[in-house]
Amino acid sequence: MDSIRNEIINCTKCNLCKTRNNAVPGEGSLKAKIMFIGEAPGANEDRDGIPFCGRSGSLLNSMLESIELTRKDVFITNIVKCRPPENRDPNEIEIERCSPFLKLQFDIIKPKIICTLGRLSMSLFFKDKKISEIHGKKFKLSQYTVIPMYHPAVGLYNPNMKKILFEDFLMLKNL
Ligand code: URA
């Protein structure tokens, strides 16, 4: 993982390297059974080099605590490791150039469960599905159980969505 981290930090495969302050490889346990995949670093993550370290991250921490886990028990990363300017969605080229890093992270950690956070990371596994229809459900895809979840950011301003996010986390606890 250290060599992947180094590659990510020095990566120049797409234009995001020109505007980033810090690449954000991911963090957590290399023995994690659960891996969370967000979309892309935001301003806080770009400043600190740590995934989900802003307000969405605080909510993610609370959801983990609600099922008696901490960030140290899981591995947290993103589809793309550098911040897209103005927090726009990463484009197809950026996702394609960055995805070998995610694949290597899967191969090293070998998580049992992959939780996608948000529509974009859901679409890595489910191209034509709607997140409103499949969030909080488990799907067996080769050796992984994949659970699509809403992005924590949707819970920041909407109490109903926050409730759904916490309910979906119970699925993880049950597993
Ligand atoms: N949103 C994401 O998708 N990833 C982060 O790391 C932070 C916010």
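The values are calculated or read from the model by the stated rules, or taken from the named source; none is laboratory data. As the structure is a computational prediction, the values presented were derived from the model and not from experiment. Backbone-built Cβ (ideal geometry, glycine too); neighbour counts: all protein chains shown. Just so you know, the surface numbers come from the protein's heavy atoms only, side chains and all, with ligands and any DNA or RNA stripped out. Shrake-Rupley method; radii C 1.70, N 1.55, O 1.52, S 1.80 Å.
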*Are any residues in the stretch 88-112 within 15 Å of the ligand (Cβ to nearest atom), open to solvent by less than 70 Å² (accessible area, probe 1.4 Å), under 14 Å from the mean Cα position of the chain (by Cα) and not polar (S, T, N, Q), and if so, which ones?*
Pro90, Ile95, Cys98, Phe101, Leu102
*Are any residues in the stretch 37-60 among the hydrophobic types (A, V, I, L, M, F, W, C), crowded, with 17+ Cβ neighbours inside 10 Å and more than 22 Å from Ile109 (Cα to Cα), and if so, which ones?*
Leu59
*Check Leu175, Leu117 and return the single one that is more than 16 Å from the chain's Cα centre (by Cα), aliphatic (A, V, I, L, M) and closer than 22 Å to Leu30 by Cβ.*
Leu175
*Go through the stretch 72-130 and count every residue that is within 20 Å of Asp168 (Cα to Cα) and among the aliphatic types (A, V, I, L, M).*
8
*Could you grab the pairs with beta carbons closer than 6 Å, sequence gap of 6+ or different chains, first residue in the stretch 153-175 and touching a residue at least 12 places away in the same chain (Cβ under 8 Å), second one open to solvent by 60 Å² or more (accessible area, probe 1.4 Å)?*
Gly155/Lys162; Leu156/Arg55
*What is the one condition in (1) within 10 Å of the ligand (Cβ to nearest atom); (2) more than 20 Å from Ile114 (Cβ to Cβ) that Pro41 does not satisfy?*
(2)
*For the stretch 113-131, what are the residues that are within 13 Å of the ligand (Cβ to nearest atom) and crowded, with 17+ Cβ neighbours inside 10 Å?*
Cys115, Thr116, Leu117, Gly118, Arg119, Leu120, Ser121, Met122
*Residues that are free of Cβ contacts under 8 Å to residues at least 24 places away in the same chain, over 23 Å from Lys81 (Cβ atoms) and assigned to a loop (DSSP other than H, G, I, E, B), drawn from the stretch 106-151*: Asp128, Lys129, Lys130, Ser142
*Using the structure shown, decide if Ala23 is among the hydrophobic types (A, V, I, L, M, F, W, C) and farther than 17 Å from Gly118 by Cβ.*
yes
_One residue is enough: does the stretch 67-88 have a residue meeting the conditions without any contact (Cβ under 8 Å) to a residue 12 or more places away in the chain and under 26 Å from Ser142 (Cβ atoms)?_
no
*Which condition breaks for Ile34 when tested against (1) touching a Pro at 6+ places or on another chain (Cβ under 7 Å); (2) over 18 Å from Ala153 (Cα atoms); (3) open to solvent by 50 Å² or more (accessible area, probe 1.4 Å)?*
(3)
*Filter the stretch 69-86 for residues that are open to solvent by less than 10 Å² (accessible area, probe 1.4 Å), under 13 Å from the mean Cα position of the chain (by Cα) and not aliphatic (A, V, I, L, M); which is farthest from the ligand (Cβ to nearest atom)?*
Phe75
